[in-house]
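The values are calculated or read from the model by the stated rules, or taken from the named source; none is laboratory data. In this text, all values refer to a predicted model and were calculated from it rather than measured experimentally. We place every Cβ from the backbone using ideal geometry, glycine too, and count neighbours over all the protein chains shown. For the accessible areas, the whole protein counts, side chains as well, though only heavy atoms, and no ligand, DNA or RNA atoms are used. Shrake-Rupley method; radii C 1.70, N 1.55, O 1.52, S 1.80 Å.
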Amino acid sequence: MPDLGLREIVKRHPIPISAHFSHSLVLTYAIEPEILEPLLAPELVLDTYRGFGFLAIALVQTRQLRPSFMPAAIGRDFFLSGYRIFTRLAGGGQSLRGLRILRSDTDQPWMVWAGNLLTHYNYRLCRARVEEREQLISWTIETPLAEADLEVTANLENEPAPLPAGSPFTTLAEARRFAGPLPYTFDYEEATQSIIGIQAIREKWNPQPVAVDVRRATFFEHEPFCRATPVLANAFHVRDIPYQWQRGRRLT
């Protein structure tokens, strides 16, 4: 077992974190497994359904982010968008469901610094605009080289909404299994060739299917996704939810 330096230890998500989600919208896309599998860390396998793998885009308005042992009053607010693959950690007598993060975008420079210091989540700085009017919420995200620009509007008036046309899911119960978040986020630690698991704790989590209009999603215009045919499989929204991440721990 190699000796870990301070940098590697710190990037294991060493501090339990608490926050409050004002809004969280998750768009889950069905994608051919051969596109997603090369993006997984060792020891992770795709969580598939009816021959598809799944990638989620999560848009989160976050308030009062702080170490769990600190009061909410000192917490910081920010926007986050994240691109994650639904995966499983199999073997060793356990099979855990979780997310493998490919990319994270935030509108706050301090979050880029802190996120990349304490995790392997690949934070980048973006511009984010959120507009709320009546029962509509619109997100417009701009990234420096248009690597992950996004324009989407969610209609919250008619919750629960039917599943998107072409979805591989036939019932809402099936779709909820891929609505996110999952029990774990999986990090890969190169120095030890290990999977680090960060477990989530959430209360009153009851996401509702919503109708969305996705006008732009440039993440899918780049390799390897430009060779895929992403299909919007579901869109779920939740609001006013307390959330917590535990300290990361080595799983393999």
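In deg cm²/dmol, rounded to 500, what helix-only [θ] at 222 nm does the chain give when every DSSP H run of at least 4 residues adds -39500 (n - 2.57) and the total is split over its residues?
About -2000 deg cm²/dmol.
For segment 110-152, just say rounded, prolate or oblate: build the C-alpha gyration tensor, square-root its eigenvalues into a ≥ b ≥ c, call rounded for a/c under 1.5, and beyond that prolate if a/b exceeds b/c, oblate if not.
It is prolate, given that a/c is not under 1.5 and a/b is the larger ratio.
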Check: What fraction, in whole percent, of alpha-carbon pairs in the chain exceed 29 Å separation?
Finding: 27 percent
Notebook entry, point to check: Ranked highest first by average number of other Cβ atoms within 10 Å, how do 130-138, 10-18 line up?
Noted result: 10-18, 130-138
Item checked: Accessible area per residue, Å², the chain with all protein chains present, probe 1.4 Å -> 47 Å²
Check: Using a ≥ b ≥ c from the Cα gyration tensor of segment 41-170 (square roots of the eigenvalues), is it rounded, prolate or oblate, where a/c under 1.5 gives rounded and otherwise the larger of a/b and b/c decides, a/b for prolate?
Finding: oblate
Check: Over the chain, what is the mean sequence separation of C-alpha contacts under 8 Å (at least six apart), divided by residue count, expressed as relative contact order in percent?
Finding: 25 percent
Check: Taking +1 at the Cβ of each Lys and Arg and -1 at the Cβ of each Asp and Glu, which of 228, 164, 56 sits farthest along the dipole of the chain towards its positive end, judged by Cα position relative to the Cα centre?
Finding: 56
Next item on the list: Using a 1.4 Å probe over the heavy atoms of the protein chains, calculate the carbon and sulfur portion of the accessible area of the chain as a whole percent.
Entry: 51 percent
Check: With springs only between Cα atoms under 10 Å, which of 47, 213, 107 fluctuates most in a Gaussian network model of the chain?
Finding: 213
